[in-house]
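One structure is given below, encoded as structure tokens.
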């Protein structure tokens, strides 16, 4: 999985356009997925590494939207605090151990 998320050899300016990039990671939701090549940033979320079967983290998408509701924010029309555009809102703690694959480099949809 780490090799698939290493974008150092990506030939395209936007890795979402590169057909050789087969797994993407969205830090905001802590999700891995298979990109949908339709010109956007859609992906099919996966729960296990397609090569080794390692369990991937449970998506934080529902928790993110719950947090938006708690804060009274509309994620489609309100300006969101900066931490909600990355993994800063759920905060992977420095030095914490995760029992699943963790990316060294990631693609985050814009």
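Between residues in the stretch 17-43 that are at positive phi and in contact (Cβ under 8 Å) with a residue 40 or more places away in the chain and residues that are assigned to a loop (DSSP other than H, G, I, E, B) and surrounded by 14 or more Cβ atoms within 10 Å (Cβ to Cβ), which pairs lie under 6 Å by C-beta distance while being six or more apart or on different chains?
30/57; 30/60
I need a count of the residues in the stretch 37-87 that are farther than 23 Å from residue 23 by Cα and either touching a helix residue (DSSP H, G or I) at 6+ places or on another chain (Cβ under 9 Å) or in a helix (DSSP H, G or I) (or both).
So the count comes out to 15.
Every residue in the stretch 14-24 that is within 21 Å of residue 60 (Cα to Cα) and touching a helix residue (DSSP H, G or I) at 6+ places or on another chain (Cβ under 6 Å), please.
Scanning the stretch 14-24 gives a single hit, 23.
Quick check on the stretch 59-74. Is at least one of its residues surrounded by 15 or more Cβ atoms within 10 Å (Cβ to Cβ), touching a residue at least 60 places away in the same chain (Cβ under 8 Å) and under 11 Å from the mean Cα position of the chain (by Cα)?
So far as the stretch 59-74 goes, no, none of its residues is surrounded by 15 or more Cβ atoms within 10 Å (Cβ to Cβ), touching a residue at least 60 places away in the same chain (Cβ under 8 Å) and under 11 Å from the mean Cα position of the chain (by Cα).
We did not get these values from a lab; they are worked out from the coordinates using the rules stated. No experiment lies behind these values; they were computed from the predicted model shown. Positions of Cβ are generated from backbone atoms using ideal geometry, with glycine treated the same way; all protein chains shown enter the neighbour counts.
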